[in-house]
Amino acid sequence: MTDDRSAGIIERYRDHLPVSSTTPVVSLGEGDTPLLLSEGLSERTGARVYLKYEGLNPTGSFKDRGMTLAVSKALEAGAGAVVCASTGNTSASAAAYAARAGLVCAVLVPEGFVALGKLAQALIHGARVVEIEGNFDVALTLTKEIARSGEITLVNSVNPHRIEGQKTAAFEIVEALGGAPYLHLIPVGNAGNITAYWKGYREALEVGWSETTPAMHGFQAEGAAPIVTGKAVAEPNTIATAIRIGNPASWEGANEAVSASNGSISAVSDPEILEAYTMLASEGIFVEPASSASVAGLLKMSDAKRIPAGATVVCILTGHGLKDPERALAMAPDRMKAPAELDPIRDQLGLD
Ligand SMILES: *Cc1c(COP(=O)(O)O)cnc(C)c1O
């Protein structure tokens, strides 16, 4: 393990990842994201609530942790290109790491349901982006077909290297807290991330970094909650586009995490997600809507008296708010207008 945190997660956790001394490391300095104590949420729930701010990764989401490894391994294997289906963040991350590695990046996204910031990222990094007339689940099925040829590597989270890289976030939490939290709350879409955290916590236990593992509680959006209902959703629907997924690729992994840890998967509604979104913003923390599903879930569990007093709780904030500027503008109060004169400006500001 290196102490150089800017070196990225592969250098930092090399001994715990499937790399050798000859693996080319494609990194943008991902990982080492802040674990912030939320005073507001701690007060409201009676727990000690920490927020793992994964939006501060290089491309603004946790996807970078898995992508650094997936792209490094693709390069090592001699791939000329990577391909992914995406609700946005996977494509932004794949595009950036592929550009860094000098690989071609191909992306399939559902038309009309990718937040503006994510689309801009994929395009500016030179990815070949195709919008398809179908949702994420359809895009993933098509992408798997495209990847069958061999020289093009699939970098969705069905690629096991994605999960390996993403598990490092659990290592960081355990290191920061001196052990695992009591509860781990996380948004769930394709369920790769909950699978990865659970793997990370179990490995941390095995190597003695923690004496416990947390209960894993995942949250899907009500209109896209296949794991909650036990049935794939043909037309998933939610404003939280990053978790607008009807048939999670890592469904099994989520079930395993939940049953082995005594956790749960439940649904939160779009209004609940947006309430958490604005609450976080009022604490200075800007996330994209999907990210606030973990906090919406916390509030719901708290209302149901399912949060023990004083328990250490970690909520994962998966992506940055700048990803989806249109949602922020729709939720925020309007800007004011005034001529360039002091009195009308003071009037508008209401400061005296
Ligand atoms: C990908 C993503 C999720 C969902 O993660 P899964 O691994 O698909 O469950 C949640 N929030 C954001 C911001 C994401 O980019």
Take the alpha-carbon positions of the chain, form their convex hull, and give its projected area averaged over all directions (one quarter of the hull surface) in nm². 19.4 nm²
For the chain, what is the mean residue ellipticity at 222 nm derived from helices alone (per DSSP H run of n ≥ 4: -39500 (n - 2.57); sum divided by total residues; nearest 500 deg cm²/dmol)? -12000 deg cm²/dmol
Please grab the % of Cα pairs in the stretch 227-342 that end up more than 17 Å from each other. 63 percent
Based on the mean of other Cβ atoms within 10 Å per residue, sort peptides 330-339, 219-228 so the most packed one is first. 219-228, 330-339
Can you list the HN-Hα couplings for the stretch 311-318, worked out from phi with the Karplus curve (6.51, -1.76, 1.60; θ = phi - 60°), rounded to whole Hz and with x for Gly and Pro? 5, 8, 10, 10, 9, 8, 9, 6
Spelling it out for GLY319: with amide H atoms placed in the peptide plane at 1.01 Å from N, the residues 5 or more places away or on another chain with amide H under 5 Å from its amide H are GLY55, GLU288, SER291
Tally up the carbon and sulfur contribution to the accessible surface of the chain as a whole percent, 1.4 Å probe, everything protein left in place. 52 percent
How do 63-71, 229-237, 93-101 rank on mean C-beta neighbours within 10 Å, highest first? 63-71, 93-101, 229-237
Identify all aspartates and glutamates with a Cα-Cα distance to LYS199 below 20 Å; exclude those on the same chain that are fewer than 8 residues away in sequence. GLU11, ASP15, GLU30, ASP32, GLU54, ASP64, GLU164, GLU172, GLU175, GLU211, GLU252, GLU256
May I ask you to evaluate 6.51 cos²θ - 1.76 cosθ + 1.60, the Karplus curve with θ = phi - 60°, for each residue of the stretch 26-32 and list the ³J(HN,Hα) values in order in whole Hz, giving x for glycine and proline? 9, 9, 10, x, 5, x, 6
Rg(Cα) / (2.2 N^0.38 Å) computed for the stretch 63-158, rounded to two decimals: 0.95
Taking the Cα centre of each part, how many Å lie between the stretch 145-189 and the stretch 52-83? 10 Å
Could you please tell me the mean projected area of the C-alpha convex hull for the stretch 80-237, averaged over all directions and given in square nanometres to one decimal? 10.4 nm²
At 1.4 Å probe size, put ARG327, ARG202, ARG148 in order of accessible surface, largest to smallest. ARG148, ARG202, ARG327
Packing-based ranking, highest mean first, of 293-301, 27-35 given that Cβ atoms within 10 Å are counted: 293-301, 27-35
What FRET efficiency would be calculated for the residue pair GLU76, ASN262, taking the C-beta separation as r and a Förster radius of 35 Å, to the nearest 0.05? 0.35
Setting aside same-chain residues fewer than 8 positions from LYS305, which lysines have a Cα under 25 Å from its Cα? LYS52
Rel. contact order, % - alpha carbon contacts under 8 angstrom, at least six apart, the chain: 18 percent
Heavy-atom surface of the stretch 48-126, accessible at 1.4 Å and reported per residue (Å²): 27 Å²
Before anything else, pin down the relative contact order of the stretch 63-158: Cα pairs under 8 Å, at least 6 apart, normalised by residue count, whole percent. 35 percent
Taking H placed 1.01 Å from N in the peptide plane, check which residues at least 5 places from CYS105 or on another chain put their amide H under 5 Å from its amide H. VAL82, ARG128
For a quick check: with amide H placed at 1.01 Å from N, whose amide H comes under 5 Å from ILE265's, ignoring anything fewer than 5 positions away on the same chain? GLY218
Just want to confirm a number: the relative contact order over the stretch 158-258, from Cα pairs under 8 angstrom separated by 6+ residues, in percent. 31 percent
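The values are calculated or read from the model by the stated rules, or taken from the named source; none is laboratory data. None of the values given here were measured: they were computed from a predicted structure. Backbone-built Cβ (ideal geometry, glycine too); neighbour counts: all protein chains shown. Please note that ligands, DNA and RNA were not included when accessible areas were found on the heavy atoms of the full protein model with its side chains. Shrake-Rupley method; radii C 1.70, N 1.55, O 1.52, S 1.80 Å.
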